[in-house]
Amino acid sequence: MDNIASKIIYTGMIDEYYNYSLGQLEYRSLRFETEYLPDTDDFQGNAVVNYTDAETPFTRILEHKHFEFGKQTDTVITYEYSQKWQKGASPYYPINNDRNNSLASKYFDLATQKKKVIFGGRLAEYKYYDMHQIV
């Protein structure tokens, strides 16, 4: 990979970049369930509502029309469920605990030796970022 560009920006999983040579980091994944709601012009009044209580099985509901100020008479919502990541699933968030942070630190040491590669983002830096920090 080092011969194809003078600089490479890598935003994927840092442990995957190194073929899990030091071990596998843990991630949290998501599962989505989408529903079409006919004759529902407004389900929740906002694009995203987060649910943080232990009794609710999902973490948020997205109502897509509010992202574009839609005025349709129907709506589409998506429930977002947290789930454990496994290979083949999409990793969304790092699980920052002592074990993972220690292992990630070892991968970061390897990354400093890659002068042509810039490791950035949640997965490559194994760091949680809020969206307002990213934007």
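The values are calculated or read from the model by the stated rules, or taken from the named source; none is laboratory data. For clarity, every value in this text was computed on a predicted model and none was experimentally measured. Backbone-built Cβ (ideal geometry, glycine too); neighbour counts: all protein chains shown. Heavy atoms of the whole protein, side chains included, go into the accessibility calculation; ligands, DNA and RNA do not. Shrake-Rupley method; radii C 1.70, N 1.55, O 1.52, S 1.80 Å.
Remarks
- Candidates Tyr79, Tyr126: the one that is in contact with a helix residue (DSSP H, G or I) (Cβ under 6 Å, 6 or more places away or on another chain) and modelled with pLDDT of 95 or more is Tyr126.
- Matching residues in the range 97-113 - criterion: being touching a residue at least 60 places away in the same chain (Cβ under 8 Å) and either hydrophobic (A, V, I, L, M, F, W, C) or under 19 Å from Tyr10 (Cα atoms) (or both): Leu103, Ala104, Lys106, Tyr107, Phe108, Leu110, Ala111
- Count of the range 104-135 residues which are open to solvent by 100 Å² or more (accessible area, probe 1.4 Å) and of a type in the set (A, V, I, L, M): 2
- Residues being in contact with a Leu (Cβ under 9 Å, 6 or more places away or on another chain) and over 24 Å from Gly120 (Cβ atoms) - total across the range 83-109: 1
- Among residues of the range 71-84 that are farther than 12 Å from Gln44 by Cβ and among the small types (Gly, Ala, Ser), those with a beta-carbon under 9 Å from a residue that is open to solvent by less than 60 Å² (accessible area, probe 1.4 Å) and not in a strand (DSSP E or B) at least six positions away or on a different chain give the pairs Ser82/Phe58; Ser82/Thr59.
- Some residue of the range 88-96 being without any contact (Cβ under 8 Å) to a residue 60 or more places away in the chain, closer than 18 Å to Gly23 by Cβ and outside any strand (DSSP E or B): yes
- Set Thr59, Thr73: member being touching a strand residue (DSSP E or B) at 6+ places or on another chain (Cβ under 6 Å), over 30 Å from Ser6 (Cβ atoms) and not hydrophobic (A, V, I, L, M, F, W, C): Thr59
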